[in-house]
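All remarks here apply to the structure that follows.
Rule-based calculations on the coordinates, nothing more; no lab input. Everything quoted here is computed from the prediction, not taken from an experiment. FYI the Cβ positions are ideal-geometry reconstructions off the backbone, even for glycines, and counts take in every protein chain you see.
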């Protein structure tokens with residue numbers, strides 16, 4: 001059997017707007033965070049910019065945030081690719097409180113992982129439809145940085 005590995009696919013950055021809180025359901029706060037257009041992404045085989053996106057979140061009573069993000073990516077040669085990225089973000093209560101207040105927090109102080117699924121049209125990037133991926137994230141007061149890895 002072959003052991004899986006990780007190969008960096010690309011790193012992406014995006015500016016985010018303030019959360020829009022929808023309300024509480026079953027004890028969890030539902031909110032959405034708009035991701036503004038224009039953030040770049042770049043890797044060895046693919047690069048471009050994030051056209052738009054939304055990060056739908058459930059903030060659970062145990063302090064875990066369930067992330068359901070969706071991004072529209074445009075490659076530097078004009079191809080549009082959808083990315084759906086679901087995962088978890090959590091950390092010690094004091095760290096998450098600092099993040100909630102908009103303070104800078106070192107990404108090593110919390111857990112932020114997700115599993116992206118890409119939908120690419122037939123052609124140059126359709127290899128994205130035939131592989132599994134993992135992403136790591138860092139949340140900053142006004143933005144997000146994500147690294148996407150192909151599972152080899």
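Can you tell me the relative contact order of the range 1-137? Whole percent, Cα pairs under 8 Å, sequence separation 6 or more. Don't skip to the answer; put the middle values down first.
On the way: 291 pairs, mean separation 20.3, N = 137.
Computed value for the range 1-137: 15 percent relative contact order.
If R₀ is 25 angstrom, what is the calculated FRET efficiency for the pair residue 37 and residue 60, using the beta carbon separation as r and rounding to 0.05?
In this case the efficiency is close to 0.25.
Which of rounded, prolate or oblate describes the range 57-99 when judged by the alpha-carbon gyration tensor and an a/c cut-off of 1.5? Before the final figure, lay out the partial values.
Details: a/c = 5.24, a/b = 2.77, b/c = 1.89.
Judged from the Cα gyration tensor, the range 57-99 comes out prolate (a/c at least 1.5, a/b above b/c).
Using the 10 angstrom Cβ neighbour count as an exposure proxy, how do 127, 56 rank, fewest first?
The fewest-first ordering by Cβ neighbours comes to 127, 56.
At a 10 Å Cβ-Cβ cut-off, how would you order 96, 50, fewest neighbours first?
96, 50
Arrange the following residues from fewest to most other Cβ atoms within 10 Å of their Cβ: 140, 71.
Going from least to most buried by this count: 140, 71.
How far, in nm, would the chain grow between residue 3 and residue 20 when pulled straight, counting 0.36 nm per residue and subtracting the alpha carbon separation?
1.9 nm
Quick one: P(r) of the chain from all Cα-Cα pairs, 10 Å bins, percents rounded to integers, in order of increasing distance.
Spelled out bin by bin, the chain gives 11, 41, 33, 14, 2 percent.
Under the 0.36 nm per residue contour assumption, what length would be gained going from the current alpha-carbon distance of residue 11 and residue 86 to full extension? Write out the running numbers ahead of the final one.
Working: separation 75, 0.36 × 75 = 27.00 nm, distance 1.68 nm.
Stretched fully, the residue 11-residue 86 segment lengthens by 25.3 nm.
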